[in-house]
Amino acid sequence: MFFSDEIGIELTFLGPWHLLQIFITGLVIFLIIRYKDQIRVSKHEKLMRYCIGSILLAIQLSYYIWKASVGTLTFVNTLPLGVCTINMFVSVYIIFSKDERVFNIIYFWGLGAILSVLFPDILFGPDRYRYYQFFYAHMMFLWIYMYMIFVYGYRPGLKDFRNSALLLFVVAVGIALPLSLIFDYNYMFMLDAGGTPLEILEPLGHVIYVIGTVLVMLIVMAIYYAPIYIFVIRKKNQNTQ
């Protein structure tokens with residue numbers, strides 16, 4: 001029953017099982033910030049990073065095994081063209097390699113983790129495997145990004161934001177949209193809003209919807225980047241005084 005794809009205990013928005021994961025998300029971020037200096041100089045820091053990356057990779061791969069076990073695994077629905085799926089695999093590479101250049105570009109896509117934890121699009125509750133896989137896959141790549149920000153001091157710049165926005169446009173319009181049309185599958189919400197607030201754009205026609213969806217993604221990325229941008233500008237001002 002635990003691995004069933006049928007709803008048992010239903011997850012309710014801001015219900016106790018939802019609030020628990022929001023609390024855990026915030027708690028781990030707090031601990032990363034609180035103990036960042038101790039983590040940085042720990043002789044076990046490399047082992048810690050490798051364990052984090054391996055766990056996230058195992059969680060994501062277990063999702064495909066689960067889909068196969070319940071008979072829903074297909075080539076179309078396993079293509080890594082969702083923003084969060086891309087983040088998961090790239091964040092594993094980042095935590096293993098400490099590749100700052102890749103981090104500085106992909107960081108801007110990380111808000112998807114926060115939105116997924118705050119507004120989960122699943123109904124599976126704590127009696128189902130999918131509940132834990134969904135939350136901890138998203139929470140862990142968010143934690144990895146916070147780890148690189150606070151433990152390693154990575155700070156994406158405006159040039160990185162531009163490159164990230166350009167890459168998002170290419171992936172969304174150049175790859176996700178054509179494949180969505182070919183396979184009739186809603187990669188990156190390129191076909192329809194899928195019950196998200198993007199529904200307000202649908203009456204305007206598909207072309208305007210796609211343009212609006214990409215613009216919304218870029219605006220969200222800018223909002224997500226704002227705290228770091230303010231921090232970097234403030235630090236530069238302090239250094240020049």
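The values are calculated or read from the model by the stated rules, or taken from the named source; none is laboratory data. Just so you know, these numbers come straight off a predicted model, no measurement behind them. Heads up, the Cβs are rebuilt from the backbone with ideal geometry, glycines too, and the neighbour counts pull from every protein chain shown.
Residue-by-condition table, conditions (1) modelled with pLDDT of 90 or more; (2) part of a helix (DSSP H, G or I):
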{"site": "90", "(1), (2)": "yes, yes"}
{"site": "93", "(1), (2)": "yes, yes"}
{"site": "103", "(1), (2)": "yes, yes"}
{"site": "113", "(1), (2)": "no, yes"}
{"site": "120", "(1), (2)": "no, no"}
{"site": "126", "(1), (2)": "yes, no"}
{"site": "130", "(1), (2)": "yes, yes"}
{"site": "147", "(1), (2)": "yes, yes"}
{"site": "152", "(1), (2)": "yes, no"}
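I need every pair where a residue in the stretch 141-161 that is touching a residue at least 40 places away in the same chain (Cβ under 8 Å) has its Cβ under 6 Å from the Cβ of a residue that is of a type in the set (Ser, Thr, Tyr) and part of a helix (DSSP H, G or I), sequence separation at least 6 or different chains.
141/91; 144/91; 145/107; 156/107; 161/225
Within the stretch 37-54, is there a residue that is in contact with a Leu (Cβ under 9 Å, 6 or more places away or on another chain), surrounded by 12 or more Cβ atoms within 10 Å (Cβ to Cβ), in the same structural domain as residue 132 (by TED's automatic domain parsing) and part of a helix (DSSP H, G or I)? So that I can check it myself, show each step before the final result.
Here is the first cut: in the stretch 37-54, the ones in contact with a Leu (Cβ under 9 Å, 6 or more places away or on another chain) are none.
Looking through the stretch 37-54, none of the residues is in contact with a Leu (Cβ under 9 Å, 6 or more places away or on another chain), surrounded by 12 or more Cβ atoms within 10 Å (Cβ to Cβ), in the same structural domain as residue 132 (by TED's automatic domain parsing) and part of a helix (DSSP H, G or I).
Which ones in the stretch 152-168 are under 19 Å from the mean Cα position of the chain (by Cα) and surrounded by 14 or more Cβ atoms within 10 Å (Cβ to Cβ)?
If the condition is that a residue be under 19 Å from the mean Cα position of the chain (by Cα) and surrounded by 14 or more Cβ atoms within 10 Å (Cβ to Cβ), then 154, 155, 156, 160, 161, 163, 164, 165, 167, 168 are the ones that fit.
Mind listing whichever residues of the stretch 114-131 are of a type outside the set (A, V, I, L, M, F, W, C) and either touching a residue at least 40 places away in the same chain (Cβ under 8 Å) or touching a strand residue (DSSP E or B) at 6+ places or on another chain (Cβ under 9 Å) (or both)?
Result: 120, 121, 125, 126, 127, 128, 129, 130, 131.
Would you check if there is a residue in the stretch 14-22 being of a type in the set (Val, Ile, Thr) and either in a loop (DSSP other than H, G, I, E, B) or exposed (fewer than 11 other Cβ atoms within 10 Å of the Cβ) (or both)? Show your work before the answer.
Step one: of the stretch 14-22, the residues of a type in the set (Val, Ile, Thr) are 22.
Those left that are additionally either in a loop (DSSP other than H, G, I, E, B) or exposed (fewer than 11 other Cβ atoms within 10 Å of the Cβ) (or both): none.
No - not one qualifying residue is present in the stretch 14-22.
So residue 95 passes all but one of these: (1) of a type outside the set (S, T, N, Q); (2) surrounded by fewer than 20 Cβ atoms within 10 Å (Cβ to Cβ); (3) over 28 Å from residue 16 (Cβ atoms). Which condition number does it fail?
Unmet condition: (2).
Residue 228 - would you say it is over 30 Å from residue 5 (Cβ atoms) and surrounded by 15 or more Cβ atoms within 10 Å (Cβ to Cβ)?
On the way: over 30 Å from residue 5 (Cβ atoms): yes; surrounded by 15 or more Cβ atoms within 10 Å (Cβ to Cβ): yes.
Yes.
Among what's in the stretch 169-199 and is among the aromatic types (Phe, Trp, Tyr) and buried (at least 20 other Cβ atoms within 10 Å of the Cβ), pick the residue that is farthest from residue 95 (Cα to Cα).
From the stretch 169-199, those among the aromatic types (Phe, Trp, Tyr) are 169, 183, 185, 187, 189; that's our starting set.
So of that shortlist, the ones also buried (at least 20 other Cβ atoms within 10 Å of the Cβ) come out as 187, 189.
On the way: 187: 26, 189: 28 Å.
Ranking the qualifying residues of the stretch 169-199, first place goes to 189.
If we scan the stretch 169-177, do we find a residue that is assigned to a loop (DSSP other than H, G, I, E, B), in contact (Cβ under 8 Å) with a residue 24 or more places away in the chain and more than 23 Å from residue 104 (Cβ to Cβ)? Write out each step before concluding.
Within the stretch 169-177, the first condition is being assigned to a loop (DSSP other than H, G, I, E, B), and the residues that meet it are none.
Within the stretch 169-177, none of the residues are assigned to a loop (DSSP other than H, G, I, E, B), in contact (Cβ under 8 Å) with a residue 24 or more places away in the chain and more than 23 Å from residue 104 (Cβ to Cβ).
Residue 85: under 12 Å from the mean Cα position of the chain (by Cα) and among the polar types (S, T, N, Q), yes or no? Talk me through it step by step, then tell me what you get.
Numbers: under 12 Å from the mean Cα position of the chain (by Cα): yes; among the polar types (S, T, N, Q): yes.
In short, yes.
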